[in-house]
Amino acid sequence: MEALSPKQKEIRQLQHDLLQTLFTQSPRQCPVAGLPPQQQWLSTRQLANAVNVGVYRARRLLLELVARQEVIVTDGSINNSLRWYPTALLNGGDNNGISNKDAPGSPLTE
């Protein structure tokens with residue numbers, strides 16, 4: 001495994017922080033109704049503010065997480081903002097807010 005550059009480490013850390021925020025602040029699934037309403041998912045601005053980055057940078061980092069299937073995003077904007085939900089919380093898997101991909105030794109924590 002090749003060493004990460006300082007910029008790559010920063011990106012990984014920001015993505016880790018975004019995932020942690022999603023896990024801790026996202027509404028949990030209802031056993032009967034399934035996914036919470038998309039209006040309750042966290043917005044790009046809420047996530048950007050939580051990790052102290054700009055909205056456009058947060059959006060780009062989140063879209064990378066979508067490509068890795070760690071986050072799902074609304075098809076369109078809700079109140080002029082995309083909404084985000086962590087895939088680790090799907091199927092009722094809470095894991096106390098920590099996904100298997102976020103466990104020690106995962107690429108996001110190295």
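The values are calculated or read from the model by the stated rules, or taken from the named source; none is laboratory data. Computed from a predicted model, the values in this text were never measured in an experiment. For neighbour counting, all protein chains shown are included, and Cβ atoms are generated from backbone atoms with ideal geometry for every residue, glycine included. Protein only, heavy atoms only, side chains kept; ligands, DNA and RNA dropped before computing areas. Shrake-Rupley method; radii C 1.70, N 1.55, O 1.52, S 1.80 Å.
Hey, any hits in region 22-36 for a residue that's crowded, with 17+ Cβ neighbours inside 10 Å and not in a loop (DSSP other than H, G, I, E, B)? Give the derivation first.
Here is the first cut: in region 22-36, the ones crowded, with 17+ Cβ neighbours inside 10 Å are 22-23, 26, 29.
Retained after the next criterion (residues that are not in a loop (DSSP other than H, G, I, E, B)): 22-23.
The answer is yes; a qualifying residue exists.
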Please go through region 1-16 and pick out each residue that is without any contact (Cβ under 8 Å) to a residue 24 or more places away in the chain, basic (K, R) and surrounded by 11 or more Cβ atoms within 10 Å (Cβ to Cβ).
K9
Residue under evaluation Q40, criteria (1) at pLDDT below 90; (2) farther than 25 Å from S5 by Cβ, criterion not met:
(1)
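Would you pick out the residues in region 37-58 that are open to solvent by 20 Å² or more (accessible area, probe 1.4 Å) and part of a loop (DSSP other than H, G, I, E, B)? Spell out the reasoning first.
Step one: of region 37-58, the residues open to solvent by 20 Å² or more (accessible area, probe 1.4 Å) are 37-40, 45-46, 49-57.
Correct list: P37, N52, V53, G54.
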Those residues of region 17-35 that are without any contact (Cβ under 8 Å) to a residue 40 or more places away in the chain and not acidic (D, E) come to a total of 7
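Take region 1-31 and flag every residue that is among the hydroxyl-bearing types (S, T, Y) and over 15 Å from L65 (Cα atoms). Before you say what the answer is, go through the steps one by one.
Residues of region 1-31 that are among the hydroxyl-bearing types (S, T, Y), as a first pass: 5, 21, 24, 26.
Listed by number, the residues that qualify are S5, T24, S26.
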Within region 88-110, of all residues that are part of a helix (DSSP H, G or I) and open to solvent by 40 Å² or more (accessible area, probe 1.4 Å), the one modelled with the highest pLDDT is L90
